1. Using only the alpha carbons, work out the radius of gyration and Dmax of segment 7-46 in angstrom.
2. Taking the Cβ-Cβ separation of residue 157 and residue 33 as r and a Förster radius of 22 Å, what is the calculated FRET efficiency to the nearest 0.05?
3. Mind checking the full-extension length gain between residue 76 and residue 11? Use 0.36 nm per residue of separation minus the Cα-Cα distance, one decimal, nm.
4. So if a site counts as exposed when it's one of the GluC sites (Glu not before Pro), its DSSP state isn't H, G, I, E or B, and it has at most 14 other Cβ atoms within 10 Å, what's the longest stretch of the chain without one?
5. Just tell me which aspartates and glutamates come within less than 18 Å, Cα to Cα, of residue 144; anything on the same chain fewer than 8 places away is out.
6. Points 7 angstrom from Cα along the Cβ direction at residue 22 and residue 47: gap in nanometres?
7. List the chymotrypsin sites (Phe, Trp or Tyr not before Pro) in segment 119-174 that DSSP assigns to loop (not H, G, I, E or B) and whose Cβ has at most 14 other Cβ atoms within 10 Å. Which are they?
8. What residues have an amide H closer than 5 Å to that of residue 150, excluding those fewer than 5 places away on the same chain, when H is modeled at 1.01 Å from N in the peptide plane?
Amino acid sequence: MLKTKPASRYRFRDVRGEDFPLLAQWLAEPHVARWWGEPSTELGSIEEAMTSEETRPMIVELDGKPIGYLQSYDPHLEEGHPYQDQPKGTLGIDISIGIPELTDKGHGAAIIRQFTSELFADGAKRIVIDPDPENLQAIRAYEKAGFRYVDTRTSIYGPAHFMALDAPGETDLP
């Protein structure tokens, strides 16, 4: 009997110029604004990332509807990045669900599980994420997605609850 791969629940696509009004709206939402910087600064960073080698900014869609922002980055491609102590093949990710009504419903962990699975299928060895230590909702979602606490660090944004998820079968990573 032929097994078919189940359809992915979420779709990840590159940010486009027409996404900026929606991104601005999400960045102004209290549940996002608390953890991200000033919206115009963040939008500038996202726009810059659209043409960078080290960061890939994406929109998360559910049933064709944009619901969040996601980015992956390679700390080894960014000069002086504080996570260059991680093994080659490590990617970092950041995520925000933009629609307040969709938070606390399990989407964060589910999106991260699907996205990290895709990154591992593409050859990533480790995925790292660095929520603010006070962002307990995010930390719980990342733990549900399989991330483990590594240590507390200081990033350019302040204290970070540094977490990692290793690719299946990767047992010799530090």
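1. 11.7, 36
2. Efficiency, rounded to the nearest 0.05: 0.95.
3. Values: separation 65, 0.36 × 65 = 23.40 nm, distance 2.63 nm.
Computed gain between residue 76 and residue 11 is 20.8 nm.
4. Details: sites that count: 53, 79, 134, 170.
Counting at most 14 other Cβ atoms within 10 Å as exposed, the longest clean stretch of the chain is 80-133.
5. Candidates past the 8-residue exclusion: 94, 104, 118, 130, 132, 134, 166.
6. With each label point 7 Å from Cα toward Cβ, the separation is 1.9 nm.
7. Values: sites: 120, 142, 147, 149, 157, 162; in loops: 147, 157.
When the chymotrypsin sites (Phe, Trp or Tyr not before Pro) of segment 119-174 are filtered for loop state and at most 14 Cβ neighbours within 10 Å, 157 remain.
8. When sequence neighbours closer than 5 places are left aside, the close amide H contacts are 162, 163, 164.
The values are calculated or read from the model by the stated rules, or taken from the named source; none is laboratory data. Keep in mind the model is a prediction, meaning the values are calculated, not measured. Positions of Cβ are generated from backbone atoms using ideal geometry, with glycine treated the same way; all protein chains shown enter the neighbour counts. What goes into the accessible areas is simple: the full protein's heavy atoms, side chains included, and nothing from ligands, DNA or RNA. Shrake-Rupley method; radii C 1.70, N 1.55, O 1.52, S 1.80 Å.
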